[in-house]
Each structure stands twice: as structure tokens, then as C-alpha cells.
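Here is the structure we will look at, set down as C-alpha cells.
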């Protein structure tokens, strides 16, 4: 009889379709164990790599990637990145702990707890894709200079190319942005990327993109004179060429450079084969933009390689910046900023651990400058600005998990107590 | 088991194929993002040449964000100790030169000094003497300020009043790195960073080479 049942089971297993097997695999414990093991290993590798690569590069390689290669005992091994592992874990949890699991209102704890984990994973996805982060520099008010007002932030580590159209008065009309996701990734030697948009009457061919040409002191170590560039076979524009310099561990010190060629549109999807303009672009500073300018017909355009910028839905004005030094030194002990939200007149005092929150944005007191300023020098405040729609979600997810686990363990406790009572009664009855 | 391995391999291969573009050399990308210019954003300077855009003067290769660099070497400690170490300070300064590496400087450490860990500011960092009370370090700062500002910064560390521009200019010159720096020798009560009290009988010697436009592109 047992043999017959076994044969039946074998038969049913053989009859399972590939889809059913895939479903079993993706909703099973085996995949969960594999993924959690990968997460453990990647967290270890990613943490250790920060010593060698720095925070941002290690984070990019291990935590934001689909795949990566890791040298384990001298052998390069292809591993899934945390992004892919997290996505698979989300799928695995959804199928295994929500869809496939036997659901019963008498045992809701685990279902709630797993929903909380899924919520946190989803929060990570939203934060990764939709967070905007940057800094805003506001100088102390000084006469007619308007640098104490701003409605733009710039990211310290991400770079973008901004293509701007100007009106006949030289005023900016619109800015098209080639973002870090379109500009980043691997730039193999000789590779080019051509950027197009139906609203732009030309295409921009970007070639020889270098992530860094500066050393840690802000000097253009990778800038080559005409002779140096010729000797190295590097393209020369306006008497200069560029070569890569090893990236700094602190990503904010990296300064990218690239060559661009502009090709006019001659049809809906056709472009001239001869470029109308070419330039060598070097990453520009946030306070005094100096873009490459050219004309296409009657229109004036500019292209700028710049730290990624965002325009905020509101503007801020610095009313007063206070700094208190350690006694006898020029080292700041405490600093804070009194700011005004220009459109509404709302006044806020921003200091350490006391950020300003408005329209989904959070403005923290980050630093001040310029470094080494003497008494009487005009100072600026640097506010770190963050917009993360999922800012509070991990906290809520943790509450959900805690509620689920509490329900589960309380139920377990009651059922244990019930069983104990029952067995005690049985023992008393038997006596 | 075989089916599971087969399924997993299939997914991995498909994933790999999906991540590898057919033609890496030439790629076309649609520009999707846009933004309106901020009302208070700085007005861009248009029509500039590459040199002006990059902030390159005829004799500099600094970045537009920091076109000048200042160099400092400083030795500080109890007066008697510093007087005894002067010859080693001179010897160290003579060995200091531009070299390979990042930051691109080389030097020879006097045998009697201890190498301390460098910091973001201190490229070469040493201590010496009883209780390691003597210090010597070499600093490079983007920008870095004028001679008078730096001299007065040092003087304030020694509890001395500010010098006048004439006094700063009249400081003796000393061959240092790329050219002549200004040699400083002052005595006073030194108050280090974070210290609550000043220590009397201290001496500071050093060379300031302020806001140097360093050479053209290599």
C-alpha cells in the first residue's frame, strides 16, 4: 500500500509543469535561504570594500547593482547584487508567505509580520528610485548680492549634463537633463552615447566620458596640454585634452570630463553627419555656472556638465547665520541658520538635529564655509536637503512586524498554556 | 532537483543577456528628464572659451572651484626643543619636493623624528622630543588665503597681536618647494586646538607660500 502511494506521489511530481516547478521554486524555502545567505555575504563584502573603494563606490557596486564580480581567493566569482537579491526576496516572500501560505484568521500574526517585511523592501525600492538629495548654499545677506536666496539644490556625488535653451534676451527658457542614470555605468574605451529628444533640434554625441580628472586637492591632474595630449593620442579641443585620474574615495572630490559633438537635426529622425560644434566639458561648480555655448540656427543653447541639480517647489532666504567657536580656536562648536520661506514668510531656525520640514522636503544644517574664514569674512551656510517619499515607511514597517510578531507569540503562548492545562487535567483525572 | 537547477540557470542566463547590450560602442539614449530653472539660481556666464570655463589662467591647472593653492610647513613646540631641532627642520624642508603619488609630494624624514599619521590637512606629519611635544607638518590648502591672513592666524595661535601688512612683507624669504616662501619665527603662549589653557614658552617656526598659481597642464 505504501509503495503504491509512493508511486502515485512520484507520478504526480513527474506530471508537474515547468511553470508549477518555477512557482514552487520561487515560493519555496530553498530560495529564501539562498537569498538570505547572499544578503549576508554581500553585506560583508560591501562593508569591507568601503575601506578600499570608499562609501559611494562600494555602495554602487554591491548594494545598487544587479550583478557584480568578486575576487574570492583570487578567483573572480559572479554574484547577484543586493538590488537583484532584494527584488527576488520580495517575489519569494510575496509568493511564499502571502500567496502560497495557508491563510487562517486564527493565525494572522505571521501574515502581518511578513507584510511588514514586504513593506520595508518596497520602501527601499521607492527610496532608491525616488529620493532626491542635495545641498543648498546660502551666503549671509550682503547688499544687492542675491546669493542668500535659493530654490535649487545640487547633489555632491551625482553628475548630469544640462542642455539649456535661451530666449532672445539670453534668459533660460527650459533645461533638458541627461541624468546620472543615463550618464553613469561603464564607459568602455571608444564607446559613445548619443542623446536625443524630440524637442531639441540637435543630437549630442558624448564620447570619452571620464569619471574623474582631479586629484584630492581640486587640481586638474588629468588635464593635458596640446603636446601631452598628442603624445598620448588623446583628442584635442581648444588646445587641451583629458585623461583619467584614479577616482577619489570621497566621491564629492571627483570631477568628470567628457567630449561632446553636436549634430543638427535635418529631419524627424535624421541628423546631419557633420557636427556643428564640439567641446571639451569639465565638471562645473554650483555657484558660478560656465556652460559651453553654441547656436543652432537662430537659437542659442548651452551644454553644461554639472553636479545634478533639482529645482525646489519653494525658495529659501538666509536671514542670519550663527557660529560659535570652541574657546581659543577657530573651530566651530555650534552653528545654526535662521531662514525664511520666501513665498509664505515662514521663519524657521535650523540647527543640528532640528531640521526644517516643508512640502515633503527636509532641510538639515550640514556645514558652513568657506573653510579657514577669518572674523569678518562673509560666511555661507550649507543645508542638506532631502526628499524621500518613503522616509517614514521603514518605521511603519517595523511597527507592522512588531504587531504581527506580538500576535503570533501571544497566540503561541495561549495555546501552550491551554495544552499545559489540558495535560495537567488529564494527569489529575488519571490519578 | 535537476529541474530547479535548470530553471535557475535559465533565469540567470536570461538576466545576463538582458543586461548586456548588443552594441556597446554606439548607444542611443532618449533624454527624458527636464527641469525649470530656479528663480534664484546663479545666472550662467555664456560664450566663454574652454580656458575661461575651466578657470585656467596662463599658469594654472587648478579646478574652477579652487584656482590657487597655498603651501605651509610649520614646526611648533617648547622653545628649547624647537631651537635644537632647527637644523633638522631646514634639512626636511630641503628634501620636500614634488613627486609621484597622490598627493604628489616626497620628502625625507629626519631619523630622530617620528612619523605621525597624515590627516586631510597634514600631508607630512611628525612629532619629536620628550612626550612628543614637538610637532612638524606640511600642509597644502586649495585657496588658503593671503600671507598676512596666514601670518596672523599663526600669531593668534601663539597669543600674539596681529601683524601689519608691512611686517608681513618684510619677513625673510626662504627657498621652499617651487620658489620663495616667507619664513616665520615667533615665540609666545601656544594654545592648541581644543586646549583650555595656553602653554607658555613655546616657539613656532615655519614657511608660508600663499596662493600660488601652480604650473600649466602637464
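The values are calculated or read from the model by the stated rules, or taken from the named source; none is laboratory data. Keep in mind it's a predicted model, so treat the numbers as computed, not measured. Cβ atoms come from the backbone with ideal geometry, glycine included; neighbour counts cover every protein chain shown.
Descriptive notes on the structure:
- Scan the stretch A:65-100 for residues that are assigned to a loop (DSSP other than H, G, I, E, B) and either within 14 Å of chain B (Cβ to nearest Cβ) or in contact (Cβ under 8 Å) with a residue 12 or more places away in the chain (or both) and the total you get is 3.
- Residue in the stretch A:263-283 that is surrounded by 20 or more Cβ atoms within 10 Å (Cβ to Cβ) and either under 29 Å from residue B:123 (Cβ atoms) or assigned by TED's automatic domain parsing to the domain that holds residue A:56 (or both) present: yes
- Search result, residues across the stretch B:111-138 that are in a strand (DSSP E or B) and modelled with pLDDT of 85 or more: B:114, B:115, B:124, B:125, B:126, B:127, B:128, B:134, B:135, B:136, B:137, B:138
- Residue in the stretch A:176-189 that is surrounded by the fewest Cβ atoms within 10 Å (Cβ to Cβ), counting only those that are within 7 Å of another protein chain (Cβ to nearest Cβ) and under 24 Å from residue B:38 (Cα atoms): A:179
- Hits in the stretch B:96-110 (condition: at pLDDT 90 or above and loosely packed, with under 12 Cβ neighbours inside 10 Å): none
- Within the stretch A:194-213, not a single residue is surrounded by 19 or more Cβ atoms within 10 Å (Cβ to Cβ), over 17 Å from residue A:279 (Cα atoms) and free of Cβ contacts under 8 Å to residues at least 24 places away in the same chain.
- Selection status of residue B:83, assigned to a helix (DSSP H, G or I), facing chain A (nearest Cβ under 10 Å) and at pLDDT 85 or above: no
- Total residues in the stretch A:48-64, condition touching a residue at least 12 places away in the same chain (Cβ under 8 Å) and either farther than 16 Å from residue A:158 by Cα or outside any loop (DSSP other than H, G, I, E, B) (or both): 10
- Odd one out for residue A:2, checked against (1) at pLDDT 90 or above; (2) loosely packed, with under 10 Cβ neighbours inside 10 Å: (1)
- Taking the listed residues A:160, A:150, A:144, the one that is farther than 28 Å from residue A:60 by Cβ and surrounded by 21 or more Cβ atoms within 10 Å (Cβ to Cβ) is A:150, with no other qualifying.
- Residue within the stretch A:293-313 that is closer than 30 Å to residue A:224 by Cα, crowded, with 20+ Cβ neighbours inside 10 Å and free of Cβ contacts under 8 Å to residues at least 60 places away in the same chain present: yes
- Every condition in (1) modelled with pLDDT of 90 or more; (2) over 30 Å from the mean Cα position of the chain (by Cα) holds for residue A:386 except the one numbered (2).
- Residue in the stretch A:338-352 that is surrounded by 20 or more Cβ atoms within 10 Å (Cβ to Cβ) and at pLDDT below 95 present: no
- Inclusion of residue B:44 among residues that are at the interface with chain A (Cβ under 7 Å from one of its Cβ atoms), closer than 30 Å to residue A:343 by Cβ and either surrounded by 14 or more Cβ atoms within 10 Å (Cβ to Cβ) or at pLDDT below 85 (or both) is warranted.
- Residue within the stretch A:225-242 that is on the phi > 0 side of the Ramachandran plot, at pLDDT below 90, away from chain B (no Cβ under 11 Å) and out of contact with any helix residue (DSSP H, G or I) (no Cβ under 6 Å at 6 or more places or on another chain) present: no
Here's the yes/no breakdown for (1) more than 23 Å from the chain's Cα centre (by Cα); (2) more than 9 Å from every other protein chain (Cβ to nearest Cβ):
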position: A:118; (1), (2): no, yes
position: A:151; (1), (2): no, no
position: A:155; (1), (2): no, yes
position: A:174; (1), (2): yes, no
position: A:191; (1), (2): yes, no
position: A:196; (1), (2): yes, no
position: A:199; (1), (2): yes, no
position: A:211; (1), (2): no, yes
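- The residue that is modelled with the highest pLDDT, among those in the stretch A:315-336 that are surrounded by fewer than 14 Cβ atoms within 10 Å (Cβ to Cβ) and within 11 Å of another protein chain (Cβ to nearest Cβ), is A:333.
- The strands (runs of 3 or more DSSP E) located wholly in the stretch A:189-301 that include 2 or more residues which are within 28 Å of residue B:141 (Cα to Cα) occupy A:223-225, A:240-242, A:257-264, A:277-282.
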